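Only one structure is covered here, and it is reproduced in the block below.
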Amino acid sequence: MRDHPGEQLLILRPNTKVFVMKRRAFLQRTVRGSGVLFAGGLGLLSWAPRSVAATIQVALGVHAGYAPMVDGTSAYMVTFSGGSSVEFPGPTIVCREDDLVSISIQNPLSINAVFHVGRTAIRHTVGAGSSVNFDFEAPPAGTYLYYDDQNSGVNRSMGLHGTLVVMPAGSDNRSFSDGPTFVRQYKWLLASVDPAWGEHLANSGVAAIGGIDPDSFSPRYFTINGRSFDQTDEPNTHIKGLVGDATLIRLLNAGGMVNSPHFHGNHVEIVSLNGSNSSGARKKKDIVSMFPLDCRDVLLPMATPPDAWPPASGAQHFPMHCHAEMSQTAGGGFYPHGMHASITIGEAPTSEPQLD
């Protein structure tokens, strides 16, 4: 298992705050001078543009325990959680540029944990059996993976990871200030799970995580947003929209393997790669390579497939499956219970995605 070699550091101004709750919970913001409740509205994260920065408070815990897998078994994991038990993946933190993110983390376990935001200098350690509070100013608009960077990727792959989404100031339909517009957005956080690693910790204690050889990684489960197909047929992962409803997909790879999501029906446009944005002409791809730690934003045009015969009409259903063959399986080869999701063009979602 090898981490992406090209990670860069971004130095931030040291005066910003953030708040995270449990998945599917409301994200409450306190705007400097007035209160704002964040829920409902347009698309995935239902973002309401505002003219002033906010203080976003996030409460996290570090927990170990079992998480359910698609085949009815469970895998022992160590995760960041918004509640008192294992949450895989960790909560999604949403803010806008220049917000102050204030994070508190409690760690009841017998190991140190690290909260690091990829591509930035934000890195804080919470010691075993202790807690920590820290603030940071939100980085530039984009998609970020937060994770524990210890043990050559072992801690991250064991479940200590989540997503940070930073929206541009004053916009609810762009991922950066001069980026392409979209109607709704989704987050696909890719991961791979080796249950043998988990059982080793369950039997030997979480302190054994430091002794795991990263090269022994042999994943049995491949997930999108913590789920394998057909559990991915849910509002935050199954992409839906009317023809022409341009859709942003925030792709992140928290796992230890290279994945290659392959889109049927439409090619996607590469909007951003690890913080490098494309404002003009953009590459169009049907396969998107995702190395460990990669964050790519892609735009799915939701266009009528040009090669369909007879011409497509009504709702059209297409798959996304990973072209890394191993990731199409889960639990020992139950195809396609792996990294697979559905795309429906020509049908609006009945429930808007919520960056769960």
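The values are calculated or read from the model by the stated rules, or taken from the named source; none is laboratory data. Just so it is clear, the model here is predicted, and its values are computed rather than measured. All Cβ positions, even for glycine, are placed from backbone atoms using ideal geometry, and neighbour counts span all protein chains on display. Please note that ligands, DNA and RNA were not included when accessible areas were found on the heavy atoms of the full protein model with its side chains. Shrake-Rupley method; radii C 1.70, N 1.55, O 1.52, S 1.80 Å.
A cut-off of 5 Å between modelled amide H atoms, ignoring neighbours fewer than 5 places along the same chain, links R220 with V193, D194. Under 13 Å from a label point set 7 Å out along the Cα-to-Cβ vector of D71, the amide N atoms of region 188-224 belong to 193-196, 219-222. Total lysine pairs in the chain at Cα distances under 22 Å, for residues eight or more apart or on different chains: 7.
Could you tell me whether region 307-355 comes out rounded, prolate or oblate from its Cα gyration tensor? Rule is a ≥ b ≥ c as square roots of the eigenvalues, rounded for a/c under 1.5, then prolate if a/b exceeds b/c, otherwise oblate. Verdict is oblate for region 307-355.
Using only DSSP helix segments of four residues or longer, with each worth -39500 (n - 2.57), what per-residue ellipticity at 222 nm results for the chain after dividing by its residue count and rounding to 500?
Working: 2 runs with 14 residues, N = 356.
It comes out at -1000 deg cm²/dmol, rounded to the nearest 500.
Derived scalar couplings between HN and Hα for region 152-159 equal 6, x, 5, 4, 4, 5, 6, x Hz in order, rounded to whole Hz, by the Karplus curve 6.51 cos²θ - 1.76 cosθ + 1.60 (θ = phi - 60°), x for Gly and Pro.
According to the square roots a ≥ b ≥ c of the eigenvalues of the Cα gyration tensor, what is the shape class of region 169-285, taking rounded for a/c under 1.5, prolate for a/b larger than b/c otherwise, and oblate for the remainder? It would help to have the intermediate numbers written out before the result.
On the way: a/c = 2.57, a/b = 2.07, b/c = 1.24.
Prolate.
Sorted largest first by accessible area at a 1.4 angstrom probe radius, with every protein chain in place, the residues H337, H238 fall in the order H337, H238.
Rounded if a/c is under 1.5, else prolate if a/b beats b/c, else oblate: with a ≥ b ≥ c from the C-alpha gyration tensor eigenvalues square-rooted, which is region 101-236?
Details: a/c = 2.54, a/b = 1.39, b/c = 1.83.
It is oblate, given that a/c is not under 1.5 and a/b is not larger than b/c.
Test of understanding: what is the full-extension gain from L242 to S85, defined as 0.36 nm times their sequence separation minus their Cα-Cα distance? Mind dumping the intermediate values first?
Values: separation 157, 0.36 × 157 = 56.52 nm, distance 3.79 nm.
Full extension from L242 to S85 adds 52.7 nm.
For G241, the residues whose modelled amide H falls within less than 5 Å of its own, excluding neighbours fewer than 5 places apart on the same chain, are T344, G346, E347.
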